[in-house]
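Down below is the structure, laid out as structure tokens.
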Amino acid sequence: CTAYSVHENGHISTAVCSASSKVRTVQPDTGKIQLAYGTETLQDKIDECVDKMLKKLRKDTQQIVAVGFTTFVMNLIAVDAEGHVIGDQCTLSYACNTPEVAQECKDLRQQLGTDRLHHLYQQTGAPIHSAYALPQLRTLYRTCPANDLDRIYKWQSLASLCLGRWTGQISLPISYSEASWTGLFNFRHCAYEYEATELLPRGCLGTLPRLA
């Protein structure tokens, strides 16, 4: 968490102060996002950093004029109808390299063929790769227990999950930038790409986060 001073002319100066908390967020190979740390959650850890930052800013009597948020991409976390995270098993990230997802990528390439693969790449800018959401979602909806899948109301990015918690909203949109890293986004039209989403399981389509 880092704060910068912003001048009246809009220019940003060097960092005023920063705060951090060292936690391992992504599990190696599986790409699952670690949501719990003993009695604390990942959101608790983020809140701690924000609290530290606000205390430092108040000491310096700095006026907060804007807030920015950035996270590693790609990441998606499933929440239920009340906005609660379902668990590590219903999370995705760029770090996934499991044999099941690697095989899903291979199967997708064979299913689509060279021409469709090329066209999909031109639309989304993302190849069929284990780091992206398309093969991960297909694998998850095939292998995850049905009772967990039935609870999924929306997929959220870590950024939208935290912003929703701070503003009291169940689910918030993800940014176009975050969406572009899923491999499901048409960057020319700023919308989900139909040729990508039609490859998703039927129950998954309605759970994709809104875009903004």
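The values are calculated or read from the model by the stated rules, or taken from the named source; none is laboratory data. Since we're looking at a predicted model, the values are computed, not measured. When we count neighbours, we look across all protein chains shown, and the Cβ atoms used for this are built from the backbone with ideal geometry, even at glycine. Keep in mind that these areas ignore ligands, DNA and RNA; they rest on the heavy atoms of the full protein, side chains included. Shrake-Rupley method; radii C 1.70, N 1.55, O 1.52, S 1.80 Å.
Label-to-label distance for L57 and R109 is 4.6 nm, based on points extended 7 Å past Cα in the beta-carbon direction.
Close amide H pairs (under 5 Å, H built 1.01 Å from N) link Y192 with N186, residues at least 5 positions away or on another chain.
Quick one: among K59, K106, K154, which has the greatest mean-square fluctuation in a GNM of the chain with alpha-carbon springs under 10 angstrom? Per the Cα network of the chain with a 10 Å cutoff, K59 tops the list.
In terms of overall dimensions, the stretch 51-98 has a Cα radius of gyration and Dmax of 16.8, 49 angstrom. Here the 3J(HN,Hα) profile of the stretch 92-107, calculated from phi with Karplus coefficients 6.51, -1.76 and 1.60 at θ = phi - 60°, is 9, 7, 4, 7, 5, 8, 6, x, 5, 6, 4, 5, 4, 4, 4, 5 Hz, Gly and Pro shown as x. Net charge in the neighbourhood of E82 (other residues with Cβ under 13 Å of its Cβ; Lys, Arg +1, Asp, Glu -1) is +2.
First select every other residue whose beta carbon is under 14 angstrom from the beta carbon of C204; then total the charges, Lys and Arg +1, Asp and Glu -1.
On the way: positive: R138, R142, R151, K154, R202; negative: E104, D148, D150, E198.
My count for the surroundings of C204 gives +1.
Measuring between alpha carbons in the structure, the pairs from K22/K55; K22/K106; K106/K154; K56/K154; K32/K59; K22/K59 lying more than 30 angstrom apart are K22/K106; K56/K154; K32/K59.
Work through the residues other than Q122 whose Cβ is under 13 Å from its Cβ and net out their charges, Lys, Arg +1 and Asp, Glu -1. So the surrounding residues net to -1. The spacing between the stretch 147-162 and the stretch 30-80, judged by their C-alpha centroids, is 17 Å. Using θ = phi - 60° in the Karplus curve 6.51 cos²θ - 1.76 cosθ + 1.60, the 3J(HN,Hα) couplings for the stretch 78-87 round to 7, 10, 8, 5, 9, x, 8, 5, 7, x Hz; x is entered for Gly and Pro. Taking all protein chains as they are arranged and a probe of 1.4 Å, the heavy atoms of S130 leave approximately 10 Å² accessible to solvent.
Each helix, a run of at least 4 DSSP H residues, gives -39500 (n - 2.57); summed and divided by the residues of the chain, these come to -11500 deg cm²/dmol at 222 nm. Most fluctuating residue of S18, S157, S171 in a GNM of the chain with Cα springs under 10 Å: which is it? Among S18, S157, S171, the largest mean-square fluctuation in the Gaussian network model of the chain belongs to S18. Note on V101: accessible area is roughly 10 Å² with a 1.4 Å probe, heavy atoms of protein only.
Residues of the stretch 41-55 falling in the label zone of T2, defined by backbone nitrogen less than 16 Å from a point 7 Å along Cα to beta-carbon, are 50, 53. Isolated cysteines in the chain, defined as those with no second cysteine Cβ under 4.7 Å, comprise C17, C90, C96, C105, C144, C162, C190, C204. Rg of the Cα atoms in the chain, relative to 2.2 N^0.38 Å, amounts to 1.12.
Estimated from the Cβ-Cβ distance and a Förster radius of 35 angstrom, the FRET efficiency linking V23 and F187 is about 0.65.
Taking every eigenvalue of the Cα gyration tensor of the stretch 50-175, multiplying by 5 and rooting it, what semi-axes result, largest first, whole Å?
On the way: eigenvalues 240, 74, 29 Å².
After diagonalising the Cα gyration tensor, the semi-axes are 35, 19, 12 Å.
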